Every structure is written in structure tokens, then in C-alpha cells.
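Written below as C-alpha cells is the structure these notes are about.
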Amino acid sequence: MRHLIDPLDLSRQETGRLLDLAEKILDKPQEFAHCCDGKILATLFFEPSTRTRLSFESAMLRLGGQVLGFSNAQSSSAAKGESVADTIRMISGYADIAAMRHFKEGAPFVAARYAKIPVVNAGDGGHQHPTQTLTDLFMIQRRRGRMGGLTIGLCGDLKFGRTVHSLIKSLVRYEDVRFVFISPEELRTPGYILKEVVEPSGHPWREVRKMEEVMPELDVLYMTRVQRERFFNEEDYVRLKDSYILTPEKLRLGKPELTVLHPLPRVNEIDQRVDEDPRALYFEQARGGVYVRMALILTLLGLAPGILEED
Ligand code: NCD
């Protein structure tokens with residue numbers, strides 16, 4: 001049995017095959033409409049979510065399966081003090097696969113140790129968000145035809161943004177990737193990611209403070225929201241929240257084929273006028289998340305032979 005807790009739980013080859021399957025599903029969804037008949041997905045969301053939870057649920061429903069779960073910690077027995085280990089032990093008898101989002105880093109990892117069913121990390125605190133990364137890679141591959149050979153700018157809250165951490169971890173596995181980290185000093189990429197992930201990869205990287213400075217060289221611009229819920233005080237958040245706002249004027253400096261991504265939700269880091277630009281792909285990206293999660297559910301339930309190495 002396999003879980004997806006960290007993006008590296010799937011090898012680069014497995015990831016590639018899973019994204020190819022997502023592409024096939026997107027192409028002919030009707031062929032997959034009954035693959036999960038009789039299967040149940042549990043969505044255990046201890047922290048707010050719109051896209052991730054609903055795209056997981058939509059994915060399972062589109063595969064013919066059913067869903068159950070909760071969307072905040074208050075409506076679950078966690079409010080009574082139940083541990084993650086006990087919750088997942090019990091859910092193992094109620095569902096065939098579980099997606100868990102938790103405000104504590106490492107909670108889905110603990111859950112996987114006690115689970116009798118595959119567990120997917122749907123975001124753990126400021127740590128990792130592997131299914132968002134699969135969605136991001138899917139969009140990059142669809143638009144650019146490849147992951148390697150690109151200059152990728154990651155902009156905003158690189159400290160607390162779990163989507164950024166997972167995306168970097170995955171991207172270092174491709175050839176000739178160049179990273180540009182665009183953030184205020186206080187929201188820089190964590191040292192452990194730079195030292196343990198980026199530096200050993202040998203890929204060129206640099207940190208800058210101004211988006212305009214690097215815009216002309218980027219192939220992909222990955223915007224992120226300042227993660228208000230992870231700040232210790234509101235004053236710091238208020239001071240940093242508008243550090244970067246992508247406007248049509250700034251985007252004018254970008255390449256014609258630039259790919260602008262955002263995991264969403266957007267607060268105000270992307271001016272709404274940018275939405276009309278054909279380079280703005282974040283809503284398309286969110287749509288792709290359903291197909292990626294369909295492919296993942298099939299894979300972890302053992303219904304898509306040939307994707308995982310041991311198959
Ligand atoms: C992201 C998350 O939850 O980390 N959202 C998502 O899953 N699409 C990004 C964010 O909340 O800023």
C-alpha cells in the first residue's frame with residue numbers, strides 16, 4: 001500500500017506516468033466514470049479549504065465513487081481531543097482512501113502510520129502540499145511540454161507557503177531548472193529547503209526582492225498568497241501582505257509565452273485585470289486539479305496498473 005505524504009513519495013517516473021494518466025482522463029472522462037463504483041473517499045479537513053477538498057470530492061464522484069468527511073476540526077471529534085492516529089484507525093473501516101488536511105506539520109505522516117487505507121496529504125501546516133504540486137506540474141507540462149529547461153520564479157510567501165516547498169522539492173528532479181525566489185526578507189524560502197533541496201541539486205538559484213527586475217527572464221511565474229494564518233502577529237501580516245501585486249503593467253515586462261500560476265486562493269497579489277491575459281492560467285490550473293486527483297485516486301487504489309514501480 002502506498003501513501004502520498006511528501007511529493008518525493010512518487011518517483012519522477014511515477015509522477016510522469018500519473019500526469020499522463022490525468023491527461024488521458026481529461027481527454028476522455030466518460031471512460032473512467034465507473035472505475036471507482038462502490039469505493040469511498042474520506043476527506044478529513046482539519047483546516048479550511050475550497051479547491052483541494054472539493055476537487056478531491058469531485059474527482060471521486062466523477063470516478064463513480066462516493067465521499068464522506070468533515071471540513072473543519074470543530075465538527076469532528078478532534079474538538080473532543082481525539083488523536084489523528086485514532087481518527088484514521090476508525091476511518092480505515094469507513095472508507096477506502098483518505099485525504100487529510102491538517103494545521104499541524106506531520107499530521108498526515110502520523111495518520112499514514114496507523115492507516116489501513118492509502119492516505120493523501122492535502123496540506124500540512126506550512127510544510128508540504130503534494131497534490132497541489134502534481135496539479136502545478138500538470139499545468140507546466142501541458143503548457144510548456146516539459147518541466148526541465150525553464151526559469152521558474154516563485155513569488156510571495158516562500159517561508160510559510162507549503163505549495164512552494166513541495167513544488168521546489170519536485171522541480172529539482174528535472175534537468176536544467178533555474179530558480180528565482182522573489183520574496184521580502186522576512187518571507188524567504190526556509191533555510192532547510194535551500195540547503196537540503198536546492199543547493200544539492202546543483203541548479204542555479206538566486207533570491208531577489210523586486211518582481212520587475214526578473215520578469216523578462218521568467219518562463220513560469222508562480223504567485224502565492226501571504227499565509228496570514230501562519231503569522232504570529234497581525235501587524236507583521238499587514239505590513240507584508242501587499243509586498244507583491246502582479247499588475248498588467250508588470251506583466252508587460254514578461255515573455256509572450258510566460259505561464260502565470262497561482263495555487264489559489266488569491267487575496268490581492270494578482271490584480272483582477274491580469275485574469276484577462278492569456279498568460280494567466282490559474283483558473284485552468286485549478287480545473288486540472290480534478291483530473292490529477294482522479295489519476296491519483298486510481299493509482300493509490302491499485303486501479304491504474306503500471307503507474308507505480310512495484311506494479
Ligand atoms: C493552497 C494551500 O492550501 O496551501 N491552496 C490550495 O490548496 N490550492 C495555497 C494557499 O492557501 O495559499
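Just so it is clear, none of the values below were taken in a lab; they were calculated from the coordinates. Because the structure is a prediction, the values reported are computed rather than measured. Glycine also receives a Cβ, built like all others from the backbone with ideal geometry; neighbour counts cover every protein chain displayed.
Put in line by how crowded their Cβ is, counting other Cβ atoms within 10 Å and starting with the fewest, 70, 179 read 70, 179. DSSP beta bridges fully contained in the chain are about 5 percent antiparallel. Ranked by how many other Cβ atoms sit within 10 Å of their own Cβ, fewest first, the residues 28, 104 fall in the order 28, 104. Per-residue extension of 0.36 nm, minus the Cα-Cα distance of residue 207 and residue 28, leaves a gain of 60.3 nm for this segment.
The phi-based Karplus calculation (6.51 cos²θ - 1.76 cosθ + 1.60; θ = phi - 60°) puts the 3J(HN,Hα) values of the range 298-303 at 4, 5, 6, 7, x, 9 Hz, whole numbers, x for Gly and Pro.
Multiplying the residue separation of residue 146 and residue 236 by 0.36 nm and subtracting their alpha-carbon distance yields 28.6 nm. Between the alpha-carbon centres of the range 234-311 and the range 4-49 there is a gap of 17 Å. Its DSSP H runs of at least 4 residues, each contributing -39,500 (n - 2.57), put the calculated 222 nm mean residue ellipticity of the chain at -10000 deg cm²/dmol, to the nearest 500. Along the range 110-124 the Karplus relation, 6.51 cos²θ - 1.76 cosθ + 1.60 evaluated at θ = phi - 60°, assigns HN-Hα couplings of 4, 4, 4, 5, 9, 7, 9, 10, x, 10, 10, 6, 9, x, 10 Hz to successive residues, with x for each Gly and Pro.
Report, in degrees rounded to the nearest 10, the 0 to 90 angle that the Cα long axis of helix 51-62 makes with the longest principal axis of the chain. Roughly 40 degrees, rounded to the nearest 10. If you plug the beta carbon distance of residue 61 and residue 2 into 1/(1 + (r/R0)^6) with R0 = 22 Å, you get a FRET efficiency near 0.45. Close lysine pairs were tallied over the range 96-249: pairs 8 or more places apart or on different chains with Cα atoms under 18 Å apart number 7. Summing Cβ point charges (Lys, Arg +1; Asp, Glu -1) relative to the Cα centre of the chain gives a dipole of roughly 260 debye. Distance between the modelled labels on residue 229 and residue 276, one decimal in nanometres: 3.4 nm (7 Å Cα→Cβ projection).
In degrees between 0 and 90, to the nearest 10, how far off the longest principal axis of the chain does helix 162-171 point, with axes built from Cα atoms? It works out to around 80 degrees. Residues 135, 87, 151, ranked from the fewest to the most other C-beta atoms within 10 Å, line up as 151, 87, 135.
Against the chain, whose longest principal axis comes from its Cα atoms, helix 130-144 is set at around 60 degrees.
Would you kindly give the portion of the calculated P(r) for the range 172-311 that falls above 25 Å, as a percent of all Cα pairs? That tail contains 43 percent of the Cα-Cα pairs.
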